[in-house]
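Trainee: First, the structure itself, so that you have it in front of you.
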Amino acid sequence: MLKTVEGIYQNGQIELAELPQDVSDRTQVLITFLDPGKIDPTKVRQLIDQLETIAGIQQGFEELERSQTRPIGDFIQEMQQKYDISG
């Protein structure tokens, strides 16, 4: 599993911008400190989006290997509802 959450390091503590969902207590994490003068926030957001996309693709491959698939019609219907797309 790969989940990326932004946060701020202040006074020896890391404050998360949001609480991650579906993460169990005592999950191992990796922390990367960014140089604020050299980082473009838009590019950081793009990188986070790319990492999450890669994680989603990896999860899909793992589900496929375990034969945990579903009919394409169900997927299309779910995406139409999720993104308010008319069929």
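The values are calculated or read from the model by the stated rules, or taken from the named source; none is laboratory data. Quick caveat: nothing in here was measured; it's all calculated off a predicted structure. Surface areas here come from the heavy atoms of the whole protein model, side chains and all, with no ligands, DNA or RNA. Shrake-Rupley method; radii C 1.70, N 1.55, O 1.52, S 1.80 Å.
Trainee: Can you pull the Kirkwood radius for the chain, inverse mean 1/r over Cα pairs, to one decimal in Å?
Mentor: In the chain this quantity evaluates to 16.2 Å.
Trainee: Right, next: So, for the chain, what is the accessible surface per residue at a probe of 1.4 Å, expressed in square angstrom?
Mentor: Result: 95 Å² per residue.
Trainee: Sticking with this structure for a sec: Once ligands and nucleic acids are excluded and a 1.4 Å probe is used, how much of Leu64 is accessible, expressed in Å² to the nearest 10?
Mentor: 110 Å²
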